[in-house]
Each structure stands twice: as C-alpha cells, then as structure tokens.
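Down below is the structure, laid out as structure tokens.
Bear in mind that the values in this text are calculations on the coordinates, not laboratory data. The structure presented is a predicted model; accordingly, all values stated were derived computationally and were not measured. For neighbour counting, all protein chains shown are included, and Cβ atoms are generated from backbone atoms with ideal geometry for every residue, glycine included.
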Amino acid sequence: MLGALSAIGEATARLYAADGARLVLAGRTIERLEQVGADLVARGAAEARSWPVDFAACADPASELERMAAHLEGPVDAILLFFGVLGDQALAEGDPGEAARIIDVNFTAAVPWCLAAAALLERQKAGALVVVSSVAADRGRQSNYVYGAAKAGLSVLVEGIAHRLARSGAHAVAIKAGFVDTPMTAHLKRGGPLWAKPATVARAIKAAAGRPGRPVVYTPWFWRFIMLAVRNVPAFIFHRTRL
Ligand SMILES: NC(=O)c1ccc[n+]([C@@H]2O[C@H](COP(=O)([O-])OP(=O)(O)OC[C@H]3O[C@@H](n4cnc5c(N)ncnc54)[C@H](OP(=O)(O)O)[C@@H]3O)[C@@H](O)[C@H]2O)c1
C-alpha cells in the first residue's frame, strides 16, 4: 500500500486486514506506520510491515517496490497507490513552487511507482494495480485545475497500463473518487449527499482490485453520471458557474 497513512488507504487496509492479509504499509512517518500496523494486526492482518518512504524523493522506486514484494515472498495480490496532495489552487496561480508541488506529488512521483508496479504484475501474470485518482481529472474547473490536471495525467497513465496488461492476467484500475471526508478536505465545508466516508470508497477500491476489465471506476457510483453531465455542459454555460 503506497500511501498507507492516507485516510482512504487506512480504511482500505482495514478491509484487507479483516481477510487476514499480509500487508506492506508504505508512508512517510515510521511512528504512525507502526501504530496503524499494530491496529491492523489487532483487526486480523497476518502481518503489517512498516515501510518508511517519501514517494516524491525516492531515487529508485522500481527497486524499492521489488524489495517490498520480496518481503511478501510470493505473488502480490494488489498494489494500491493512495498518496497525493490537494494543494492550494489560488496559491499555485502565483507561485510556481506550489504548482510544481501539486504536479510532482500527484503525477511525477506517481509515474515511476505505477510503471514499476506494472512491470512486477506483468511478470507475475496476476494481481491488480489500483490507483486513486479523482473526478477532478474529468474537467478543468477554476477551483482546482492544477490538481485536476495532475490527476488527469495519472488517470490516463493508469488507463494505458490497463491496456498494456489486458492480456497478461494482471490488471490496472484508476479510481475516480468524488468528495471524501478526510484530512485532505478538512478545510472545506463538508456534509450532504455528495460526501462519502473513507470506508465507502475503500469498499469500491477493494472490489475493483478483485474485478478485472474495468480500467476506470467512479466512487461512489453516482459520480460517473455527475461527471458525464459536467463534461457535457457547454462552455458558454459552464463559464458562468463558480464550480
Ligand atoms: N479526500 C477527497 O475528497 C479525495 C477525492 C478524490 C481523490 N482523493 C485522493 O485520494 C488519495 C488519498 O487521499 P485522502 O483523502 O485519504 O487524504 P490524506 O489522508 O490527506 O492522505 C494523503 C496522503 O498522501 C501522503 N503523501 C503526500 N505526499 C507524500 C510523499 N511525498 N511521500 C509519502 N506520502 C505522501 C500523505 O502523507 P503524510 O501524512 O506524510 O503527509 C498522506 O498520508 C489522494 O491521492 C487524493 O488525491 C481524495
């Protein structure tokens, strides 16, 4: 689990723990990894190994991923990528450093991890790469288009990997999540029918890992239809909104 300390990552790990899975939890803060790992073992995980790594600063993601897989000593069922930052859109518009940070973490850093995962799963001829993207990838909106652009790049990358893996026995899926109540969105006004809990999104992620043939999954499901509508609103109407 790449970004296991994210709220959505931890909720997903709990579902795998309940199945008695062996987990590698990769994230930045060793103390929190140890805490979350102990909790997952108490919840039924056969193992929850802490793996401290800064995904944006790792010099050799492919070797790092191979070491994680070697630790599990067998075929890897799923490689799940959660790490990301929402960033500050207004700040990014005047500060190239903030724009670069958003692109770097969500896209540039994720690319070599996804490619390394694809190679590993292709070799195994089995397993799933599940990457958490966002509905923000579907249409540029004034409120978060730098983040949306990074997630759009990530989504297309994962769709391409899904195509590459299609006849290999392994598969890949981009999860397009809507609004989720997590630390990433703590500064926003939350609540209402469009907001999901991490546990809801986690169930969709685990289901997608076990179900080949769908390279893009919206979660909750109704976002597929919301984004279909949003993508098709003509610009002369869309540009009158403040979405
Ligand atoms: N929440 C939403 O509404 C929503 C909607 C759509 C998609 N998503 C996506 O869902 C994924 C999970 O987000 P979340 O909502 O669960 O938010 P979160 O709890 O804030 O998790 C984000 C995680 O990314 C980690 N991270 C960021 N940069 C990193 C780096 N360089 N190295 C290692 N870890 C790094 C953070 O680690 P630290 O704790 O060390 O900072 C944090 O654990 C993200 O990709 C996000 O874009 C979220």
* Structure fact -> Contact list, first residue from the range 26-38 and free of Cβ contacts under 8 Å to residues at least 40 places away in the same chain and within 18 Å of Cys58 (Cα to Cα), second anywhere and within 8 Å of the ligand (Cβ to nearest atom) and aromatic (Phe, Trp, Tyr), beta-carbon distance below 7 Å, six or more apart or interchain, is none
* Asked: Quick one: Leu72 ticks every box in (1) within 24 Å of Ile205 (Cα to Cα); (2) within 14 Å of the ligand (Cβ to nearest atom) bar one, so which box is it?
  -> (2)
* To do: Could you run through the range 19-38 and say how many residues are part of a helix (DSSP H, G or I) and either within 15 Å of the ligand (Cβ to nearest atom) or surrounded by fewer than 13 Cβ atoms within 10 Å (Cβ to Cβ) (or both)?
  => 8
* Within the range 150-198, which residues are of a type in the set (Lys, Arg) and within 19 Å of Ala116 (Cβ to Cβ)? -> Arg164
* Structure fact -> Within the range 91-146, restricting to residues that are among the hydroxyl-bearing types (Ser, Thr, Tyr) and buried (at least 23 other Cβ atoms within 10 Å of the Cβ), the one that is farthest from Val180 (Cα to Cα) is Ser133
* Residue satisfying condition, being in a helix (DSSP H, G or I) and out of contact with any Leu (no Cβ under 7 Å at 6 or more places or on another chain), within set Ala116, Ala136, Ala126 -> Ala136
* Asked: Can Arg49 be described as assigned to a helix (DSSP H, G or I), within 17 Å of Met1 (Cβ to Cβ), touching a residue at least 24 places away in the same chain (Cβ under 8 Å) and basic (Lys, Arg)?
  -> no
* Could you list, in sequence order, the residues of the range 198-237 that are more than 30 Å from Ala126 (Cα to Cα), surrounded by fewer than 16 Cβ atoms within 10 Å (Cβ to Cβ), in contact (Cβ under 8 Å) with a residue 24 or more places away in the chain and not β-branched (Val, Ile, Thr)? -> Arg231
* To do: Report, by residue number, each residue of the range 167-200 that is within 14 Å of the ligand (Cβ to nearest atom), touching a strand residue (DSSP E or B) at 6+ places or on another chain (Cβ under 8 Å) and not in a strand (DSSP E or B).
  => Gly178, Phe179, Asp181, Trp195, Lys197, Pro198, Thr200
* Based on what the data block shows, is Arg164 free of Cβ contacts under 8 Å to residues at least 60 places away in the same chain, out of contact with any helix residue (DSSP H, G or I) (no Cβ under 9 Å at 6 or more places or on another chain) and among the basic types (Lys, Arg)? -> no
* To do: Sort out which residues of the range 52-68 are more than 17 Å from Ser6 (Cβ to Cβ), of a type in the set (Gly, Ala, Ser) and within 15 Å of the ligand (Cβ to nearest atom), and write them in order of number.
  => Ala57, Ala59
* Candidate set from the range 132-151 (those that are of a type in the set (Gly, Ala, Ser) and under 15 Å from Leu81 (Cα atoms)); member that is farthest from the chain's Cα centre (by Cα) -> Ala150
* Asked: Quick one: would you say Arg203 is of a type outside the set (A, V, I, L, M), in a helix (DSSP H, G or I) and closer than 30 Å to Leu2 by Cβ?
  -> yes
